[in-house]
Each structure stands twice: as structure tokens, then as C-alpha cells.
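Trainee: Just passing along the structure, written as C-alpha cells.
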Amino acid sequence: MIFSTLDKHILFVGRTFTGHNHDYSMLKEEFPPDLPWFDACQVLVDLGFLGMSSDYQGDDIHLPFKKPRKSKNNPNPELSEDQQTVNKALSQLRIFVENAIGGMKRYNILVDRFRNHKPDFEDDVIAICAGLWNFSQPANY
């Protein structure tokens, strides 16, 4: 779980999880829905976080529209042009977060197989790589 600004500065790196985990279940474990975590910030997430706008408090939580399922009544499901426009605008903003995550991965310790068995060391490594990434970015504040 990584929170980033639009100028690619990483603000938060959550703890690592072993195995395959759903994005939304990791979010709920890190940030329980009963507290107002996202009241004062704009949140742009992908479809891996479906249900976030109903479970969390906050007026500025933006999820893309999901394409409807194919059925007998709707053999060719499509998003409306307005929905496609909103999705495109969200993806054009979210790409900066994805670039920040990709920028962290230029440090090979995050990309290659991690063979250290020291407890919680992978959390420290990700935090160090995020700090190095932030240090390499120009300051815009």
C-alpha cells in the first residue's frame, strides 16, 4: 500500500504482506473503516478498491466506473461516453502514483528475489527505497 502525491513523492508505505492479497483487504487491515482516515484528502484508486466509497468516510474518494457484465439482456456491455471520459481523467492522474511505484522499483532489491530471512526487514527495505526515490525527485513545495 503506497500513498503518493501527483508530483510523485511517496507519502506512506504500508507494511508488506506475504502471498497473494487483495488490495482492498490490505487497505482495511491498515486503515480500519470506522475511522475518518480520508476526510481531508483526495483519494484516487483503481477498481481493486471497489467498495471503498461506501465503507470509508470522505467526500473526495474517486473510483473508476466498472464495465457492466455481459448478459442476455445486455450482449454488448459498454460504458457511456461520460463514464469513459471520467475513467480517462482518473487514469491520467493515477499514472503519477504508478510512476512513483515504478521509480521505487529501479532499486533492484525490490525487483529481484528477496532472500533475507530477518523479520520485517522487507518493510525496512521498501521504506528506504521510498526515501531514496523521494530524495531523487525535485522538491515542489
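The values are calculated or read from the model by the stated rules, or taken from the named source; none is laboratory data. Predicted model, so just to flag it, every value in this text is computed and none were measured. When we count neighbours, we look across all protein chains shown, and the Cβ atoms used for this are built from the backbone with ideal geometry, even at glycine. When the accessible area is computed, the model is the full protein with side chains, heavy atoms only, and any ligands, DNA or RNA have been set aside. Shrake-Rupley method; radii C 1.70, N 1.55, O 1.52, S 1.80 Å.
Trainee: Residue 68: in a loop (DSSP other than H, G, I, E, B), at pLDDT 90 or above and open to solvent by less than 60 Å² (accessible area, probe 1.4 Å), yes or no?
Mentor: no
Trainee: Please go through segment 46-60 and give me each residue that is open to solvent by 60 Å² or more (accessible area, probe 1.4 Å) and in contact (Cβ under 8 Å) with a residue 40 or more places away in the chain, ordered by number.
Mentor: Within segment 46-60, none qualify.
Trainee: Tell me whether segment 48-55 contains one or more residues that are in a loop (DSSP other than H, G, I, E, B) and under 28 Å from residue 139 (Cα atoms).
Mentor: First pass over segment 48-55, keeping only residues in a loop (DSSP other than H, G, I, E, B): 50-51.
After this cut, where a residue has to be under 28 Å from residue 139 (Cα atoms) as well, the list is none.
Checked segment 48-55: no residue is in a loop (DSSP other than H, G, I, E, B) and under 28 Å from residue 139 (Cα atoms).
Trainee: Any residue in segment 18-25 that is on the phi < 0 side of the Ramachandran plot and either touching a residue at least 60 places away in the same chain (Cβ under 8 Å) or hydrophobic (A, V, I, L, M, F, W, C) (or both)?
Mentor: For segment 18-25, residues on the phi < 0 side of the Ramachandran plot and either touching a residue at least 60 places away in the same chain (Cβ under 8 Å) or hydrophobic (A, V, I, L, M, F, W, C) (or both): absent.
Trainee: Give the residue that is surrounded by the most Cβ atoms within 10 Å (Cβ to Cβ), with candidates limited to residues of segment 89-127 that are more than 16 Å from residue 9 (Cβ to Cβ) and aromatic (Phe, Trp, Tyr).
Mentor: My answer is 107.
Trainee: If only one of 106, 113 is modelled with pLDDT under 85 and in a loop (DSSP other than H, G, I, E, B), which one is it?
Mentor: Values: 106 fails: modelled with pLDDT under 85.
Of 106, 113, the one residue that is modelled with pLDDT under 85 and in a loop (DSSP other than H, G, I, E, B) is 113.
Trainee: Scanning for something touching a helix residue (DSSP H, G or I) at 6+ places or on another chain (Cβ under 6 Å), modelled with pLDDT of 90 or more, open to solvent by 60 Å² or more (accessible area, probe 1.4 Å) and more than 20 Å from residue 28 (Cβ to Cβ), does segment 71-88 turn up at least one residue?
Mentor: Checked against the condition, which is being touching a helix residue (DSSP H, G or I) at 6+ places or on another chain (Cβ under 6 Å), modelled with pLDDT of 90 or more, open to solvent by 60 Å² or more (accessible area, probe 1.4 Å) and more than 20 Å from residue 28 (Cβ to Cβ), segment 71-88 yields no hits at all.
Trainee: If I ask for residues that are open to solvent by less than 80 Å² (accessible area, probe 1.4 Å), among the charged types (D, E, K, R) and in a helix (DSSP H, G or I), which ones from segment 1-39 would you list?
Mentor: Scanning segment 1-39 gives 23, 30.
Trainee: Just to check your reading of the model, which residue among 13, 97, 43, 86 is free of Cβ contacts under 8 Å to residues at least 60 places away in the same chain, β-branched (Val, Ile, Thr) and under 23 Å from residue 133 (Cβ atoms)?
Mentor: 43
Trainee: Please verify whether residue 138 is within 25 Å of residue 24 (Cβ to Cβ), assigned to a loop (DSSP other than H, G, I, E, B) and of a type outside the set (D, E, K, R), treating the condition exactly as stated.
Mentor: Criteria not met by residue 138.
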